[in-house]
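Take a look at the structure set out below.
Nothing in this text is a laboratory measurement; each read-out follows from the coordinates by a stated rule. Quantities reported herein were computed from a predicted structural model and do not represent experimental measurements. Methodologically, a virtual Cβ is constructed for each residue, glycine included, from the backbone with ideal geometry; neighbour enumeration extends over all protein chains shown.
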Amino acid sequence: MVLGLSSLYMIVRPDPDHAWPWSRTGIELLIAVVVLVLYAALLQPLGFILSTTLAVGTLCWRMGSAPVRAYLTGAASGVVVFLLFNFALDLALPLGVLSFLEVS
């Protein structure tokens, strides 16, 4: 409730001195939005683990991590969250191209 009211206030009365950051920050924000839209689009066809690896890895890389470490972090995140959802919460996530693994 408080978050919603605060968001509405910021929409109605934005900071008059703050302009959109059309510098490196603005470009990075646009890249993050594109990555998240692609993540949502690729979630079903590629599966949760691969799409999460790509999304988290790309975002980590854009935030300054070395590419290998970024994508290793993405892969670890995808696998850990998949296992938590599948076994601890008993919620099915799409496997996509990894459906031959059939975790149950």
When you look at I49, is it surrounded by fewer than 11 Cβ atoms within 10 Å (Cβ to Cβ) and among the β-branched types (V, I, T), yes or no? no
If you check R69, R13, R24, which single one turns out to be out of contact with any Pro (no Cβ under 7 Å at 6 or more places or on another chain), under 30 Å from P94 (Cα atoms) and not hydroxyl-bearing (S, T, Y)? R69
Show me the helices (runs of 4 or more DSSP H) entirely contained within region 23-100 in which 3 or more residues are of a type in the set (F, W, Y). none
Yes or no: V97 closer than 26 Å to I31 by Cα, loosely packed, with under 15 Cβ neighbours inside 10 Å, in contact (Cβ under 8 Å) with a residue 40 or more places away in the chain and touching a helix residue (DSSP H, G or I) at 6+ places or on another chain (Cβ under 8 Å)? yes
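Taking G64 as the residue in question, decide whether it is among the small types (G, A, S), free of Cβ contacts under 8 Å to residues at least 24 places away in the same chain and more than 28 Å from G96 (Cβ to Cβ).
When the stated conditions are applied, G64 passes them.
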